[in-house]
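Worksheet: one structure, shown below.
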Amino acid sequence: MTSLPVDAIKALADQHPKPPNVVFQYGTAGFRTLGHALDPVMFRVGILAALRSKRLDGKTIGVMVTASHNPEPDNGVKLVDPRGEMLEAAWEAHATNLANAPTTDALIVALEALVQNLRIDLSKPARVVYARDTRPSGPALIASLEDGFKAMGAEARNAGVTTTPVLHYLVKAINTKGTKDSYGDDSEEGYLQKLSTAFKKLVAGKPAIPPLVIDCANGVGAILAEKLAKHLGDTIPLILQNTAIDTLGALNNACGADYVKTSQKLPPSLSSVLKPGQRACSLDGDADRLIYYYLDDRGQFHMLDGDKIAALVAAFIVDLTKSAGLDDQIQVGIVQTAYANGGSTKYLSERLPVKCVPTGVKHLHHAAEHYDIGVYFEANGHGTVLFSPDTLEKLSTYQPSTPAQSTALNHLINLTNVINQTVGDALSDMLLVEVVLAHRSYTGVEWDSLYVDLPNRLVKVVVADRNLFKTEDAERRLVSPPGLQAKLDELVRRYEGGRAFVRPSGTEDVVRVYAEAAVRAQADELAFRVAGLVYDEVGGDPAKRPSEFL
Ligand code: NG1
Ligand code: ZN
C-alpha cells in the first residue's frame, strides 16, 4: 500500500456514518459515552490504530473496548501503545479529530492530512490486537472496529473478552516476543502463568493464607479471577462474588471498586458473605482498579484504598531493597494525585519522595518512570509499580553477599513478575497485596493502622460548561473562573485539617469537588459548601443547587 485505500474506506465508512450534533472527545480514558452512540467512533479508531502501527514500523497496537466502572449502557474505546502503555498524548488529538469528521469525504480528507503531516509510510504493515469487556453493546462495537481494520488491511488479532490489563500485557508481550526483554508468552494463559508462578514463589514457606472474598463487579474480572483461582490452587483460596456477567444491568451496579470507593460502603451483596476480620476486595468492570476492605468485630466497615495499597507496597519494597543491600543504589518513590488522602501523603512523604501529578494514569505512569522503582496509585485503586530498565538490569546482575541478601533479591525479582508493569491491574495488585500481607503477617487491621485516613467527600457538580474550570499545581488550585480560588481558600481556612479542590472531570460532563477535614461532618459540610460556590459561580439553577447538608 503506498496510498490510502480510499475506495475501501469510503465503502465501509458509509456504513458507520457520524450523526450531526454530537462531539466526541478522546479523554483520559479514551472515548467514552453511551454504547449505542459509539459506532462511527469505533470504525475510525480501527483506522487510526492501523495508521499508528504503520507509523511505528508495524509494531502491534492495542485497542480495548470498555467503559470500566461506568454503568452498563456506557461503553468506550482506548488505544494501547507498543510497550503496553496509554496512547501517546499527541495522538489523542488525532483520534478526536477523526472521530468528529462530519462526513465520509471529510474523513478521507482528515486521513490524508494525517498521513502527510506525520509522514506515515503506508507500505509498512499494520498490526493490532483488540479485546472487549462483558458489556452487551460490546459485540456490535467490535464489528465496527473490525470494519476499520478491514478498510486498512490490518493484521488484526482478536483477544476476545478479557480485562483491560490483560490486553495491555498482550500488547507488550507481542512486541517483545523473541527479544531479550520478552515480557512473557503472548496469551491470556501466559499472563496467568506468569503471575501465579511468581506469586507461589513469593509466598512459599509462609503460613496458609486465609480465604479472600473478591467482588468481581459482575464484569469481565469474574472470568479472569476464576481462571486465576485455578492456577493458584490452594496457595490462596478465592471466594468469587458478583460474577453475574450475563445478568442485564448488573455490571458495576451497587458493587465494584468505584461503588465502594465513592460510597465508602460495603457492597450490599457481600453483607451476608463477609465475616468480621475477613479480607475482601472489589474489582471494577474491566478489572484495572482494586479496593480492599474488612468489617471489624463491631461490623464496622474499613476501606483500604489505592493510597493504603501504595503505603503497604512501597514500605515492603523499601525493606527488601535494604535487606538485599541495594538501598544505596535503588531509590523507591511514590506518585499520587490530589485525590490522595492527606493522611497518606503525610505518612508517605515522611518516609519517601512523593510527587503529586494531575489525574489520569498517563501522568502517574510517566512520573513513576523517573524513579528506580516507582509506586503509583490513584486513591480509587488504579495503580502499579514500575521498575526502571536500569533497576531490572541491576537486579539480574547483582551478586548478593549473604543468604539473607540473596533471599531479598529473589523476592524483588519475583515481584517484578507478579506485578503487571504495563498498567494498573486489579488481579496482579491483589496478588501483590496478598504477598505483602503474608510476609508481614498482617490482617486488614494492622494494614489499616499504618496511618489514619482523613474523612473526605467527593461531590459532582453538573454545570453547563466544565471547560470554564482551569487548574494549576497538579489540579490543586483553580486559575479560572477568576477569583473563585480565593473564595475557596477563605472557606477552607475555617475547617480544621481542611483541604479542598475543584477540577473538571476528564471522563464525565461534570466538575468534581473533593474535600477533607479532621472530622466527618466537617468534610461533608466543606464539600457541599465548595460545591455550592462552584454552582453559584456558573449561575446554575437555584432549585438544583448541590445541597445535601446545607
Ligand atoms: P475524572 O472523570 O477525570 O475525574 C476518573 C477518575 C480518575 C481516572 C479516570 C479514568 C477520580 C476522582 N477520577 O477521572 O482517577 O481513573 O476516571 O478512568 O477517581
Ligand atoms: Zn477500570
Handout entry: Helical contribution to [θ] at 222 nm, DSSP H n ≥ 4, -39,500 (n - 2.57), averaged over the chain, rounded to 500
Key = -12500 deg cm²/dmol
Exercise for the section: Once you have a ≥ b ≥ c as the square roots of the Cα gyration tensor eigenvalues for segment 306-448, tell me rounded if a/c is under 1.5, and otherwise prolate or oblate according to whether a/b is larger than b/c. Expected result: prolate
Completion exercise
Of all C-alpha pairs within segment 189-303, those more than 21 angstrom apart amount in percent to 38 percent
Exercise for the section: Run the numbers on segment 6-161 and let me know its relative contact order in percent, using alpha-carbon pairs under 8 Å that are six or more apart. Expected result: 35 percent
Problem - Lys, Arg +1 and Asp, Glu -1 on Cβ, resulting dipole of segment 456-544 about Cα centre, debye, nearest 20 - result: 160 debye
Practice task
Tell me, rounded to the nearest percent, the portion of alpha carbon pairs in segment 131-203 spaced more than 18 Å apart.
Solution key: 52 percent
Fill in the blank from the handout: For the chain the mean separation of alpha carbon contacts under 8 Å (6+ apart) over residue count, i.e. relative contact order in percent, is 12 percent
Handout entry: Qualifying GluC sites (Glu not before Pro) in segment 473-550, DSSP loop, other Cβ atoms within 10 Å at most 12
Key = 496, 548
Practice task
For the chain, build the charge dipole from Cβ charges (+1 Lys, Arg; -1 Asp, Glu) around the Cα centre, then report which of 504, 302, 333 sits farthest towards its positive end.
Solution key: 333
Exercise for the section: In whole angstrom, note down how far apart the Cα centers of segment 58-95 and segment 420-468 are. Expected result: 23 Å
Handout entry: Order by protection proxy (mean Cβ within 10 Å, highest first), peptides 449-457, 419-427
Key = 419-427, 449-457
Handout entry: Subset of 10/124; 177/201; 200/230; 10/150; 227/362; 54/150 violating a 19 Å alpha-carbon distance limit
Key = 10/124; 177/201; 227/362
Fill in the blank from the handout: In the neighbourhood of residue 6 defined by beta carbon distances under 12 Å, the net charge of the other residues (Lys, Arg +1; Asp, Glu -1) is -2
Handout entry: Net dipole in debye of segment 289-397 [+1 Lys, Arg Cβ; -1 Asp, Glu Cβ; about Cα centre; nearest 20]
Key = 240 debye
Fill in the blank from the handout: Taking alpha-carbon centroids only, segment 1-48 lies from segment 329-364 a number of Å equal to 37 Å
Exercise for the section: Normalise the Cα radius of gyration of segment 456-544 by 2.2 N^0.38 Å (N = residues in it) and let me know the number. Expected result: 1.00
Handout entry: the chain: radius of gyration over Cα atoms, expressed as a fraction of 2.2 N^0.38 Å
Key = 0.97
Practice task
Check the straight Cα-Cα distances from residue 355 and name the lysines below 23 Å, setting aside those fewer than 8 residues away within the same chain.
Solution key: 261, 308, 322, 346, 470
Practice task
Quick one, can you get me the convex hull of the C-alpha atoms of segment 275-380 expressed as volume per residue in Å³?
Solution key: 124 Å³
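Here, each number is a calculation from the coordinates, and none is a lab measurement. Everything quoted here is computed from the prediction, not taken from an experiment. Note: ideal-geometry Cβ built from the backbone for every residue, glycine included; neighbour counts use all protein chains shown.
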